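Asks: What follows is a single structure, and I will ask about it in a moment.
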Amino acid sequence: MPSKQWTLLYTAQSYEEAKDLAKSRFNVCQNRRSDLNDPTKYSFKCSEHRKYPLCHFQIKIIVPDNNVNSITIMSKTEHEQNERNATTRLPSPIRESISTYGKCGLSQSQIKASLIINYPQSPIDQVKLSNKIVYERRRDRPEIFSVYDLRNWCSQHQEGERLHSTFVPFYTVDDINNLFIFFTTK
Ligand SMILES: [Zn+2]
C-alpha cells in the first residue's frame, strides 16, 4: 500500500532547486501555493492528472519564512496510472460505430445523426466525436492531408501560373466537414 502520509524525500537550498527536482524526477506540475501561514507551502500534482484522475500523487515543498535555505520536499501516495479516465473517451460501442461509419465514407454530420438514432441515451460530445473521426481517417490513410496542408496548398495556388492552369481564386477551409474551394482555370 502506498503511504497516505507525507514522506520526506529531499532537502534543498532554494525553492528553485526544489521545484526543478520535483518536476524532473516526479512528473508533477504546480498546483497551488499557500503563503498565508508560515511556512509557505507549494503543492504539486501529477502532470498527467487529466489522463489519470485517480492518481493522487502529490509533492509538497515547504519553505520556512525564517530559513529560506532549508527547504523540504515531501511526497504523498504514488503515481496511480493504471486506470484511465473513463470519461475522456466515448463508450466503446460508440467508438466502434464511428469507426464503421467512417469506413463507409459518412461525413461527420451523418455519423453524428446515425449515432443519435442508434444511441439515443448517450450524449455525443462533439469534440470527442471529431477527434475519433480524425483518428480513424488518419489511421487508414496515413498520407491524408491535414487542414493546414490544404490551406497552404490553396494559398500557394491563388494565381494561375500558366494559361489554362488550375488555380484557386477563393477558398475557405475550416475543417474537413466545412470547406469550400473554388478551382478554376485562366
Ligand atoms: Zn500520476
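Just so it is clear, none of the values below were taken in a lab; they were calculated from the coordinates. Keep in mind that this is a model prediction, so the values were computed, not measured. With ideal geometry, Cβ positions are generated from the backbone for all residues, glycine too; neighbour counts draw on all protein chains shown.
Asks: For ILE181, ILE117, what's the fewest-to-most ordering of other Cβ within 10 Å of each Cβ? Write down the numbers at each step before the final one.
Replies: Working: ILE181 14, ILE117 8.
Listed from fewest to most nearby Cβ atoms, that is ILE117, ILE181.
Asks: How fast does the chain diffuse by Stokes-Einstein, in µm²/s, taking the Kirkwood radius from C-alpha pairs at 20 °C and 1.002 mPa s?
Replies: Values: Rh = 21.4 Å.
Result for D is 100 µm²/s.
Asks: Separate question: Can you list, by residue number, the Cys in the chain that have no neighbouring cysteine C-beta under 4.7 Å?
Replies: So far as the 4.7 Å Cβ criterion goes, CYS29, CYS104, CYS154 stand without a partner in the chain.
Asks: Using alpha-carbon positions, what is the distance between the centroids of the stretch 99-141 and the stretch 9-29, in Å?
Replies: Each part's Cα centre sits 43 Å from the other's.
Asks: Using the alpha-carbon atoms, what tilt in degrees (0 to 90, nearest 10) does helix 92-103 show relative to the longest principal axis of the chain?
Replies: In the chain, helix 92-103 runs at an angle near 30 degrees to the longest axis.
Asks: What trypsin sites (Lys or Arg not before Pro) in the stretch 31-70 are in a loop by DSSP, with at most 11 other Cβ atoms within 10 Å of the Cβ? Before the final figure, lay out each step's value.
Replies: On the way: sites: ARG32, ARG33, LYS41, LYS45, ARG50, LYS51, LYS60; in loops: ARG50, LYS51.
Taking the stretch 31-70 and a limit of 11 other Cβ atoms within 10 Å, the loop trypsin sites (Lys or Arg not before Pro) found are ARG50.
Asks: Gain in length, SER70 to TYR10, computed as 0.36 nm per residue apart minus the alpha-carbon separation, to one decimal in nm?
Replies: Working: separation 60, 0.36 × 60 = 21.60 nm, distance 1.05 nm.
Result for the pair: 20.5 nm of gain on full extension.
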